[in-house]
Amino acid sequence: MPPIEELRRDFIAVDRTVPVVDWKPGALTHLGPSVAVIGAFDGVHLGHRSLIAAATEEAGDRGMASVAVTFMPDPDEVVAPRPDPKLCMSDDRLALLASSGVDAVLVIPFTVELSKLDHAEFFQRVLLPACDIRSIHVGADFRLGHHGASTVPVMGEWCASEGISLTGHELMAIDGEVVSSTHIREHLAAGCLERSEQLLGRRYLLRGTVDPGRGEGTGMGFPTANVTYAAHVQVPAEGVYGGLALVDGTVWPAAINVGKPPTFRDRAASASLETNIIGFAGDIYGAAISLVFLWRIRPLVQFPSVDALIATVLGNIDEVRTELGESGVSLHDFR
């Protein structure tokens, strides 16, 4: 079992130490002159954290407050024909931002109307009435306005005319690869957990609820929890994974199956995500569950018989048990 510090990090068991404020005029003007860092921050990955660190460092040097400005929902959910799958739920995104070192988080409702504002209208009508911004940090590829017409140089000219500094930071790279939500999604879709973890800064987390499924696992010797998750979140590549399951504040070892098992693919009740929670006993239908993916054991395969499937799955579970044990760890006991 990973150390408790890693468990709390991976399951985003963080305390919101600063206010998370919904936008309105005057929402954060009580903070006084502030340094803002603006973005959608999907996943709040290492690149985002580097950007946030630059803003908080400047704020500290200038004796100002630091504010993370984000949008809800993610802008591409409003304007993109096919929005990208998300790397974390909205509540987790806000929790990560609130624990990132800033003094406050400002949440701006993103609408079609907002998307049509140019940068000057956005700053004048939305951002500046809510917070006394004196400096802004964004990624070099950040854009505002209809069809992303306002680039960092364009916004910088307007900000300079208003006495506001704007810094567009080059994107962070690790081993020559830019740290981006797009690249993390690509690694997850390929089942490359190690690389996605390197860019994300933590292991991948997926949240859902436990619903009834085929009901055959118990009879085969490995009861499973069928997990229903939001349609707009990223899922790792189909396959069997060693991982962890968080249920009611306790983390358990878990063997996780992503994708409908080929042997049961034609059955209506077959789940596309299910997990055997090792060492756990109890009825959790309807319960919230969170899964963290540690390593990929194998791809999904069509077995020649049910007996062959059972033997392989039991072997997969034994692999996880050998690696992680079969005891639960309470996150609540280590605050």
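Descriptive notes on the structure:
- Top-ranked residue in the stretch 59-90 [being touching a strand residue (DSSP E or B) at 6+ places or on another chain (Cβ under 8 Å) and basic (K, R); ranked as farthest from S180 (Cα to Cα)]: R62
- Given (1) more than 28 Å from the chain's Cα centre (by Cα); (2) outside the structural domain of S100 (by TED's automatic domain parsing); (3) small (G, A, S), number of the condition S165 does not satisfy: (2)
- Exactly one residue out of V240, V233, V227, V301 is more than 20 Å from the chain's Cα centre (by Cα) and either modelled with pLDDT under 85 or farther than 25 Å from P3 by Cα (or both): that is V301.
- The stretch 307-335, subset touching a helix residue (DSSP H, G or I) at 6+ places or on another chain (Cβ under 7 Å) and over 28 Å from Q234 (Cβ atoms), residue modelled with the lowest pLDDT: F334
- Failed condition for E177, given (1) modelled with pLDDT of 95 or more; (2) farther than 30 Å from E6 by Cβ; (3) of a type in the set (D, E, K, R): (2)
- In the stretch 51-83, the qualifying residues are those that are without any contact (Cβ under 8 Å) to a residue 24 or more places away in the chain and not aliphatic (A, V, I, L, M), and the one that is nearest to G145 (Cα to Cα) is P81.
- Applying a threshold of 7 Å to beta carbon distances and a minimum spacing of six or more residues, or different chains, the list of pairs starting in the stretch 296-312 at a residue that is in the same structural domain as P236 (by TED's automatic domain parsing) and without any contact (Cβ under 8 Å) to a residue 40 or more places away in the chain and ending at one that is among the small types (G, A, S) and in a loop (DSSP other than H, G, I, E, B) is empty.
- Out of E113, E177, E194, one residue alone is surrounded by fewer than 14 Cβ atoms within 10 Å (Cβ to Cβ), among the charged types (D, E, K, R) and either under 26 Å from V18 (Cα atoms) or in contact with a strand residue (DSSP E or B) (Cβ under 9 Å, 6 or more places away or on another chain) (or both). It is E194.
Residues checked against (1) in a strand (DSSP E or B); (2) surrounded by fewer than 16 Cβ atoms within 10 Å (Cβ to Cβ):
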{"residue": "P153", "(1), (2)": "no, yes"}
{"residue": "G163", "(1), (2)": "no, yes"}
{"residue": "T167", "(1), (2)": "yes, no"}
{"residue": "H183", "(1), (2)": "no, no"}
{"residue": "E186", "(1), (2)": "no, yes"}
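- Looking only at the stretch 108-149, and only at residues there that are in a helix (DSSP H, G or I) and β-branched (V, I, T), the one that is modelled with the lowest pLDDT: V112
- For the stretch 120-128, the criterion of being of a type in the set (F, W, Y) and touching a Leu at 6+ places or on another chain (Cβ under 7 Å) is met by at least one residue.
The values are calculated or read from the model by the stated rules, or taken from the named source; none is laboratory data. Predicted, not measured: the structure shown is a model, and the values here were computed from it. As a convention, Cβ positions derive from the backbone with ideal geometry for all residues, glycine included, and neighbour counts pool all protein chains shown.
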